[in-house]
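Asks: Pasting in a structure now, in structure tokens, and then I'll have a few things to ask.
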Amino acid sequence: MGRRGAVHTYAARMRRSAARARIGLRRSAVDYFRGDGSDWVALAGLLLTVPAIAAASLLNPVWCSPVALVLPIVAGGLVLRPASLLGLYAAAAGALIVESVVLGPYTQGPARVTPGTVLVVAACGFFGLLIAQFRARVGVPWRRGGTMLFDLRERIRVQSALPRLPGGWHREMALRPAGGQSFSGDFVVAARTNAGRTLEVVLTDVSGKGMDAGSRALLLSGAFGGLLGSLPPHGFLPAANGYLLRQDWDEGFATSVHLVLDLESGDYELLSAGHLPALQLHAGTGRWEEKAAEGPLLGVYDGAEFHPVKGSLRPGDVLMLFTDGLVESADRDLTEGIDRLTGEADRYVAAGFEGAAWHLIEACAKDVNDDRALLLISRKG
């Protein structure tokens, strides 16, 4: 009985030890990919692949070339920290030395360790170390870094979504970053206020373009989204101006246009901070009218005043808000760009403006290396 109990006790201890090892291994992997754990598991796995590749190269160098050592080196650059990566490089260098001694000089036959093999492995190691140092400086593992960028892009997209409007109204927006990138210095924040009767929309163009302005656009879109609807309409741009001044950025200015639209009467106010004029199509005359409000750039000086311009959208009327990338470029001035935009927009008058925003950017500024944004609001006839 004593011997049998000892056996059971020993087996139970072994099961508990194995369970603790599995839990510890799983936690280490999870912690690593969250950015706050050790990379010893990944290092141990890659270190084991080095002698395996070396052995395969010695047994059959034709099918497993010595240059195959770049595989663990590339993988290490993606998952290891710089200090651990140096240990992997030392193991790879040792494997190359062993292969060179066993296989003999490269002048005596093919499938040997040549100077070119050493250069390729060293170059891959250099670039892997640069990648590892960049990840260490950013402070996120390689998988989480891509997820973070994707999450930031989706947050900008969600914050730029326009609220649903009541029957009789149509709204749409198109945003095209510079160079086909995922991040833009143009953004929109919108909300329905006054118990849903009023639509407030802010279109902002941050200085810079693409990735350079994307981080500032994300910060400003969150701040502007919090301000919109929390302040009276005439208090939004002064508050936004004060916020930019407090950031003290080297390129801290932005242009912005704030639309306040009564969804019952169609009356609206436009307040501008150095932004381009809006364009309104009058259904009765078929002509476009510029609606230009007065106000300085955001983030330039304190105490700025913003004077609104008023208007009204009647059945069949259309209001367009846009950024300068849509109408300005190196080979054309602002007036020419606006004329081209209105000329293209006239094609959608008879059929309605469903899906027109994206097509207008394609027609007017398809290959422009600047952020482009267009907002359309129409009142159905």
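Asks: Arrange the residues Leu175, Leu88, Leu162 by how much accessible surface each exposes, largest first, with a 1.4 angstrom probe.
Replies: Leu175, Leu162, Leu88
Asks: Same structure, new question: So for the pair Asp346, Asp331, with labels modelled 7 Å out along Cα→Cβ, what separation do we get in nm?
Replies: Placing both labels 7 Å beyond Cα along the Cβ direction yields 2.3 nm.
Asks: At a temperature of 20 °C and a viscosity of 1.002 mPa s, determine how fast the chain diffuses translationally according to Stokes-Einstein, using the Kirkwood radius over alpha-carbon pairs as Rh; express D in µm²/s, rounded to the nearest whole number.
Replies: Reported coefficient: 84 µm²/s.
Asks: Tell me the mean residue ellipticity at 222 nm calculated for the chain from its helices only (DSSP H runs of n ≥ 4, each -39500 (n - 2.57), averaged over every residue, nearest 500).
Replies: -16000 deg cm²/dmol
Asks: As an exercise, identify the trypsin sites (Lys or Arg not before Pro) in the stretch 275-368 lying in DSSP coil whose Cβ has no more than 11 other Cβ atoms within 10 Å.
Replies: Passing sites in the stretch 275-368 are Lys366.
Asks: Still on this structure, please answer the following. Pull out a ≥ b ≥ c, the square roots of the eigenvalues of the alpha-carbon gyration tensor of the stretch 247-342, then state rounded if a/c is under 1.5, prolate if not and a/b is larger than b/c, and oblate in the remaining case.
Replies: Cα axes put the stretch 247-342 in the oblate bin.
Asks: Still on this structure, I have one more. Just Ala292, Ala239, Ala83 to compare: in a GNM of the chain, with alpha carbon springs under 10 Å, which one fluctuates most?
Replies: Sorting by GNM fluctuation, first place goes to Ala83.
Asks: Run the numbers on the chain and let me know its relative contact order in percent, using alpha-carbon pairs under 8 Å that are six or more apart.
Replies: 13 percent
Asks: Tell me, what is the percent relative contact order of the stretch 257-307, built from C-alpha pairs under 8 Å that lie six or more residues apart?
Replies: 31 percent
Asks: What is the spread of the Cα atoms of the stretch 332-381 along each of their three principal axes, largest first, in whole Å?
Replies: Principal-axis extents of the stretch 332-381 (Cα, largest first): 35, 19, 14 Å.
Asks: Once you've got the GNM for the chain with C-alpha springs shorter than 10 Å, pick whichever of Leu321, Leu276, Leu219 has the biggest mean-square fluctuation.
Replies: Leu219
Asks: Computing the accessible area with a 1.4 Å probe over protein heavy atoms, can you report the carbon and sulfur percentage for the chain?
Replies: That share works out to 59 percent.
Asks: Taking the DSSP beta bridges in the stretch 211-323 as the whole, what percent of them are antiparallel, to the nearest 5?
Replies: Roughly 95 percent of the beta bridges in the stretch 211-323 run antiparallel, per DSSP.
Asks: Using a 1.4 Å probe, what is the accessible area per residue for the chain, in Å²?
Replies: Normalised by residue count, the accessible surface of the chain is 52 Å².
Asks: Counting residues in the stretch 150-272 as N, plug N into 2.2 N^0.38 Å and put the Cα Rg over that result.
Replies: Dividing the Cα Rg of the stretch 150-272 by 2.2 N^0.38 Å gives 1.06.
The values are calculated or read from the model by the stated rules, or taken from the named source; none is laboratory data. The structure presented is a predicted model; accordingly, all values stated were derived computationally and were not measured. Reconstructed Cβ throughout: ideal geometry from the backbone, glycine too, with neighbour counts over all protein chains shown. Just so you know, the surface numbers come from the protein's heavy atoms only, side chains and all, with ligands and any DNA or RNA stripped out. Shrake-Rupley method; radii C 1.70, N 1.55, O 1.52, S 1.80 Å.
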